1. Over segment 10-202, what per residue volume does the convex hull of the Cα atoms give, in whole Å³?
2. Which GluC sites (Glu not before Pro) does segment 1-100 hold that lie in a coil by DSSP with at most 14 other beta carbons within 10 Å?
3. So for segment 10-202, averaging the separation of alpha carbon pairs under 8 Å that are six or more residues apart and normalising by length, what relative contact order in percent results?
4. Just need log10 I(q)/I(0) for segment 206-327 at q = 0.15, 0.17 Å⁻¹, Debye formula, equal scatterers on the alpha-carbon atoms, no solvent, rounded to two decimals.
5. Given a cut-off of under 8 Å on Cα pairs at least six residues apart, what relative contact order in percent is computed for segment 164-276?
6. Let's see if you can work this out: charge +1 on each Lys and Arg Cβ, -1 on each Asp and Glu Cβ, no other charges. What is the dipole magnitude of segment 200-303 about its Cα centre, in debye to the nearest 20?
7. So if I restrict to the alpha-carbon atoms in segment 1-83, what is the Rg, and what is Dmax, the biggest pairwise distance, in Å?
8. Under the Karplus relation 6.51 cos²θ - 1.76 cosθ + 1.60, θ = phi - 60°, what is the ordered set of whole-Hz ³J(HN,Hα) values for segment 108-122, x standing for Gly and Pro?
Amino acid sequence: MPDLIRLLPDAVANQIAAGEVVQRPASAVKELLENAVDAGATSIKLLIKDAGKALIQVIDNGSGMSERDARMCFERHATSKIETANDLLTIHTLGFRGEALASIASIAQVEIRTKRNEDELGTCVQIDGSDVKNQYPVTAPDGTSIAVKNLFFNVPARRNFLKSNTLELKYIIEEFFRVALVTPQIAFYFYNNDKILHQVTASTLKQRIVELFGNHYNPRLIPVEQESSIVNIKGFIGKPEFAKKKRGEQYFFTNGRFIKSPYLNHAIENAFRELIPNDAYPTYFIYLTIDPKTIDVNIHPTKTEINFQDVKNIFAILQSSIRQSIGKFNITPSLDFEQEQGMVIPPLPPGAQVKQPTINVNPDYNPFEKKVQPQIDLPLTNREKSNYDHWQKLFDPLKELRFPSSASSPDEPQAQQTLSNWDQIDTAKGKSDVIQVQNRYIITFTDKGIVIIDQQNAHERILFERFLSAMESNIPASQQQLMPQTINITHEDVELLKEFNADFEKAGFEITGFGKNTLLVQAIPADCLNENITDLFEKLLESLKTSREDPKTQPGQRLARSLSKSLSLGRNRKLQPEEMNALVEQLFACKIPDITADGKPTMTIIGFEEMKRKFK
Ligand code: ADP
Ligand code: MG
């Protein structure tokens, strides 16, 4: 019997490779655009006809190629981007596999015109399904133009498999976005059937996003910026209220490359939990920069998936930096801080560990010390303090914002008048710029406008964050009961509470006996002071039951949410000035001060600008 195995001719091998690399016109668009970016172009033109089925042409003003390279680039495994296997560890180009042009040329009619700056004449090469038909010198501008005609002309199965023009064009636009969103320094012109579809000039990242998605995105974007020894993160997220019903505007890049990472996507979506409805998807444009040695790009032919060595830490850093950004910038939409850049977060010193945020508990706190305390007066923890300092800068409700007379502008004497009156009333009582109306709303003001706070919702948010961080840090602020208390509830309720036992402990409860119809409570969280424990458990059970439908929420979050609701101030309660001040202070120290865990607003702001308009 003769030997059976033979080497496939290159043309066949290329067609097989094309099966992986070029699945549809959009894949060819991606490869050609990436080559133009790698060639250092500052301006790239994309021309599409018949959704890429008739023509895909990319024209760049990049490096161009020599006569020899213009022919070589269509060979299999021909690349100028790496030389040795070691180079795979330091990849800084989008391409490196040297198979895109060979694959495309095996399944289409391709014409390339290219010229280097140092050459007098350029080169034109024409290829039909891997057959070089023609090569000759041409006059051409610096750079490269590649025209891909009649894609899949020799692979009818593939051609028939293509979708409608509308859908194929949609895929192409998506690929175009994925390249254009990470190369704001490059100008792009995208023509579809001779009509301009997108034209973007060289600009900043934010401008690029806004140019591609529309001006209305400008006020929706919150900057994200975090440097660390493991990874640098920057980019923008959409404010929670603009989350979409469809997963779509989610762009994640690593070292200049669009990447699909369901795991890290999770980190981002986690950061939005509690803030957007369960069936909504946050918008994001996130860019990681990471040492190429710590990732592997070469695990997928289209290079859209990579392995991260340190993926757990990246997850944690990503989630926390997005949380921080939301906390800092997610104030009601009427306030625009005109902030282009993120806050400066100092980089981690090299080698430093990334820690989860914790809260500090006063070790000298004596739970048995009897003092009549207003319900809202725990001192700010360090974490809260630093949040607060930040808010204070943006939004100081207490200090500089007392409307000193020098701040008045000549065209608003009336407002000035009224506000100084308030000031006098409050000054008479002590230091305070807060008043309470209807035993329910707290009104204060800032240099931007008047803030109306709903005391119950605000308190819910404060307590929610406090319980959550106590649970996360495992340092509950707890209060021993002088006598253990027995609570009588139904058997079903006992079973329900048992599910949360671990979280109860983290929150500061100590429940020693779960009987058939009873609980034995030894300690309760410090925040439950003055509470009738039986009432508390009743409220808690009711709230836990109503939050049951939400399967995405973790038990700890559910408990924190229920506790915050059960313990929050009522709507019909007179507050002392110190209590109001503490409430305002603590609210602005929250990571996400403007809504409750259930998404109800805690405050509303009437901007002075808006007010001015109202009185015109
Ligand atoms: P890869 O990008 O993985 O190197 P390709 O098949 O996409 O492989 O391209 C092969 C080579 O052709 C590239 O390495 C590059 O040297 C050259 N090349 C391709 N497109 C361009 C371009 N637009 N401008 C300059 N050189 C190009
Ligand atoms: Mg390439």
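1. Working: hull volume 22.3 nm³, N = 193.
Given the Cα convex hull of segment 10-202, per-residue volume reads 116 Å³.
2. Numbers: sites: E20, E31, E34, E67, E75, E83, E99; in loops: E75, E83, E99.
Here the GluC sites (Glu not before Pro) that fit, given the DSSP loop and packing criteria, are E83.
3. Numbers: 410 pairs, mean separation 54.2, N = 193.
Relative contact order comes out at 28 percent.
4. Values, matching the q order: -0.66, -0.85.
5. Working: 101 pairs, mean separation 19.9, N = 113.
It comes to 18 percent, rounded to a whole number.
6. On the way: 14 positive and 10 negative charges, 61 e Å.
Around 300 debye, computed over segment 200-303.
7. My reading of the Cα-based Rg and Dmax gives 16.1, 60 Å.
8. Along segment 108-122, the couplings run 7, 9, 10, 10, 10, 10, 8, 8, 8, 4, 7, 9, 6, 10, x Hz.
Each value in this text was obtained by applying a stated rule to the coordinates, not by laboratory testing. Here the structure is a predicted model, which is why all the values come from computation and not from measurement. Cβ atoms come from the backbone with ideal geometry, glycine included; neighbour counts cover every protein chain shown.
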